[in-house]
Amino acid sequence: MQPTIDFFEALLREHPDNPYVLYEVGGSYDTDGQEEKAVGYYERALPGLSGETKRRCLLQYGSTLRNLDRFDESLAVFKQACAEFPESDSLRVFKALTLHAADHKDKALATLLLIIADRLETPEIKRYEAAIRGNAEYLAGL
């Protein structure tokens, strides 16, 4: 990843504080396993991002916080992200991963059950949709 990091760091020197470049620098460090360093870039980028790039940055930021065992912060990011992008299945899946990592296994499973009920359009799932949603509600309440 070093050539990619070097490229984006050089681009950032030309365009300091550009949120899209900050996001890419953070992503490069994140991919390289330097999560602590990535967090700062994501935090600087987020206020200036919008749309799909903001959604991706929130997902990566929340996931990175989870990888750093900063579960409460990760859950807060995913709560905000899911409110802002309610149709994003990937945000909901990664939120479930954080819930699981934070030892909220019932809520993690509930989240995944709701994704299944919301998105899987098979006759079998539709037949049992009410039961799936009921179980999700029960698990979420534990």
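The values are calculated or read from the model by the stated rules, or taken from the named source; none is laboratory data. Keep in mind it's a predicted model, so treat the numbers as computed, not measured. Cβ: placed from backbone, ideal geometry, glycine included. Neighbour counts: every protein chain shown.
Inside the range 82-92, can you point out the residues that are touching a helix residue (DSSP H, G or I) at 6+ places or on another chain (Cβ under 7 Å) and either among the small types (G, A, S) or surrounded by fewer than 14 Cβ atoms within 10 Å (Cβ to Cβ) (or both)?
S88, D89, S90, listed by residue number.
Do you know which residues across the range 8-25 are surrounded by 13 or more Cβ atoms within 10 Å (Cβ to Cβ), within 25 Å of the chain's Cα centre (by Cα) and not hydroxyl-bearing (S, T, Y)?
F8, E9, L12, N18, P19, V21, L22, E24, V25
For residues in the range 94-142 being of a type in the set (S, T, Y) and more than 21 Å from Y61 (Cβ to Cβ), which is surrounded by the most Cβ atoms within 10 Å (Cβ to Cβ)?
Y128
Based on this model, can you work out whether G62 counts as of a type outside the set (A, V, I, L, M, F, W, C), touching a Lys or Arg at 6+ places or on another chain (Cβ under 8 Å) and at pLDDT 95 or above?
It is true that G62 is of a type outside the set (A, V, I, L, M, F, W, C), touching a Lys or Arg at 6+ places or on another chain (Cβ under 8 Å) and at pLDDT 95 or above.
Could you tell me whether S63 is under 12 Å from the mean Cα position of the chain (by Cα), in a helix (DSSP H, G or I) and under 20 Å from Y20 (Cα atoms)?
In short, yes.
If you take the residues in the range 127-142 that are over 25 Å from the mean Cα position of the chain (by Cα) and in a helix (DSSP H, G or I), which one is farthest from H104 (Cα to Cα)?
Taking the candidates together, the pick is R127.
Have a look at D6, D32, D17 and point out the one that is modelled with pLDDT under 95 and farther than 30 Å from L139 by Cβ. So that I can check it myself, show each step before the final result.
Numbers: D6 fails: modelled with pLDDT under 95; D32 fails: modelled with pLDDT under 95.
Exactly one residue qualifies, and that residue is D17.
Check E124, E73 and return the single one that is touching a helix residue (DSSP H, G or I) at 6+ places or on another chain (Cβ under 6 Å), free of Cβ contacts under 8 Å to residues at least 12 places away in the same chain and either in a helix (DSSP H, G or I) or more than 25 Å from F8 (Cβ to Cβ) (or both).
When all the criteria are applied, what remains is E73.
Kindly indicate the residue of the range 26-38 that is of a type outside the set (D, E, K, R) and closer than 21 Å to V93 by Cβ and also surrounded by the most Cβ atoms within 10 Å (Cβ to Cβ) among those meeting that condition.
G26
State all residues of the range 68-111 that are of a type in the set (F, W, Y), touching a Phe, Trp or Tyr at 6+ places or on another chain (Cβ under 8 Å) and assigned by TED's automatic domain parsing to the domain that holds E35; if no residue qualifies, say none.
Matches in the range 68-111: F78 only.
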